[in-house]
Each structure stands twice: as C-alpha cells, then as structure tokens.
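Nothing in this text is a laboratory measurement; each read-out follows from the coordinates by a stated rule. All figures in this text were calculated on a predicted structure; none of them were measured in a lab. Cβ atoms come from the backbone with ideal geometry, glycine included; neighbour counts cover every protein chain shown.
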Amino acid sequence: MTSPMTHHLRPKYESATPDTNVSHYLFIAEEAALPLLKPLFNDIDLTLRKSLVVTDLDISPVTTAAYELIPRSKTISYTDAFILANSKNVAVYIAGTESFLWSVHQRVLKAGIEKSKIHLLEPISDLRRIICTHCFTIMDNISDILVTCSGCQRQLEVQDQFSEMHGAYAASGIRLSNKPQKTIKTITPKKQLF
Ligand SMILES: [Zn+2]
C-alpha cells in the first residue's frame with residue numbers, strides 16, 4: 001500500500017485575480033480547468049481577453065474571436081503561435097493539471113513574456129509529474145509517494161524537491177534494506193523516526 005500525496009509540499013500557486021498593469025489577458029487552459037477561470041472572466045472585459053483551450057478530444061481546431069479550441073496533440077505549436085500573435089503588454093493565465101501548467105509556463109517564458117506576467121492557478125488535481133533522479137525518466141499522472149520507475153525499475157519515493165523546468169518532482173530510490181518491517185507489531189522507539 002502506498003499513500004496519496006495530500007500533505008506533500010507544492011510550489012506556490014495563485015488565486016484568480018486580474019493583473020491590473022496590462023492591457024490584455026491571455027488564458028491557456030485545459031478544458032477541465034475552465035470553471036477555475038470563471039471569476040476572472042467575469043472581471044475582465046471580453047474584448048480584452050483571448051483564450052486557448054486544450055481539449056482531450058481529437059477535434060479539428062475551432063477558432064472564434066474570443067477563444068481557440070484545440071486538441072491536446074497540438075498544444076505546443078498552438079501555444080507558441082498564440083503567444084507570438086498576442087504578446088504585447090499581456091498577462092498570461094494558465095490553468096489545468098500541474099504538469100500542464102509548467103509545460104505551458106516554459107513555452108510562454110521562451111516566447112519572451114516576463115515571469116511576473118505569467119500567472120499559474122492552483123492545479124485542478126493532485127496528480128503530479130515526477131522525474132527519476134537515477135535515469136531521468138519522466139512519469140505523469142502520479143498520485144502516490146512510492147512509485148516503480150518505468151525506466152530503471154527502481155522503487156522510488158517522491159520528494160518535495162520540484163523542478164520548474166520539467167514541472168516535475170524529484171523521485172529517488174528507496175534502499176530496500178531500510179524498509180520498515182510492517183509485520184512487526186511491537187511499538188518502535190520514537191527516536192528512531194527522527
Ligand atoms: Zn529510473
């Protein structure tokens with residue numbers, strides 16, 4: 001049995017408040033994160049905002065004056081084009097799963113938008129991306145602390161250490177000889193735990 005990472009440390013995320021020092025607002029979101037953006041949509045005039053919405057459906061991209069709906073497979077190329085076409089005095093808001101937030105964050109930074117103008121909203125789920133510190137395999141949608149690496153097959157424990165570049169938590173090997181013996185029922189002296 002492994003335990004979920006509900007008490008694990010995460011990077012700091014923002015609540016949805018509009019940046020007042022810009023003239024336009026861009027939203028890049030996974031479809032499931034749209035309810036999170038609603039408070040912002042209510043505060044910002046429709047003519048000042050544009051949205052790029054990533055969907056899991058294998059659709060043909062849809063473009064309207066207010067938003068573009070794109071399939072997940074086109075995320076990178078559409079994000080690059082979207083930022084390039086709208087990069088003047090904008091604030092960018094990103095909403096979705098944590099790995100999505102940081103993948104898009106990297107693209108937006110690369111396109112030359114200042115870090116202070118990029119706003120990451122609270123991730124919509126507890127799923128994480130992890131990176132094995134032994135073989136650098138990246139694994140997505142991880143919800144447990146203990147994971148078997150799909151690259152080197154090591155038993156890994158997810159750490160608090162977070163890489164913004166990869167949008168991933170470091171996961172490093174557990175030394176099997178140090179594993180607690182769960183079958184023993186006697187109480188272990190507390191000092192051994194610290
Ligand atoms: Zn590995």
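Things to note:
- In terms of surrounding Cβ atoms within a 10 Å radius of their Cβ, F136, F100, F41 rank from fewest to most as F136, F41, F100.
- Net charge dipole, region 1-117: roughly 300 debye, given to the nearest 20, about the Cα centre with Cβ charges of +1 for Lys and Arg and -1 for Asp and Glu.
- With the helix formula -39500 (n - 2.57) applied to DSSP H stretches of n ≥ 4, the chain reaches a computed 222 nm mean residue ellipticity of -5500 deg cm²/dmol.
- Cα pair distances exceeding 17 angstrom across region 128-178, given as percent: 23 percent
- Solution diffusion estimate, µm²/s, Stokes-Einstein, region 74-181, Kirkwood Rh from C-alpha pairs, 20 °C, viscosity 1.002 mPa s: 140 µm²/s
- For region 24-120, the fraction of alpha-carbon pairs in successive 10 Å shells from zero, as %: 16, 56, 27, 1
- Efficiency of FRET from Cβ geometry, T47 and I174, R₀ 45 Å, rounded to 0.05: 0.25
- Derived scalar couplings between HN and Hα for region 78-85 equal 6, 4, 4, 5, 4, 5, 4, 6 Hz in order, rounded to whole Hz, by the Karplus curve 6.51 cos²θ - 1.76 cosθ + 1.60 (θ = phi - 60°), x for Gly and Pro.
- C-alpha long axis of helix 98-110 to longest principal axis of the chain, angle in °: 50 degrees
- Region 50-109 and region 113-141: distance between their alpha carbon centers, rounded to Å: 16 Å
- Reciprocal of mean inverse Cα separation for the chain (Kirkwood radius, Å): 18.7 Å
- Dipole-positive endmost among T63, F41, A91 within region 24-120 (Cβ charges, Cα centre): A91
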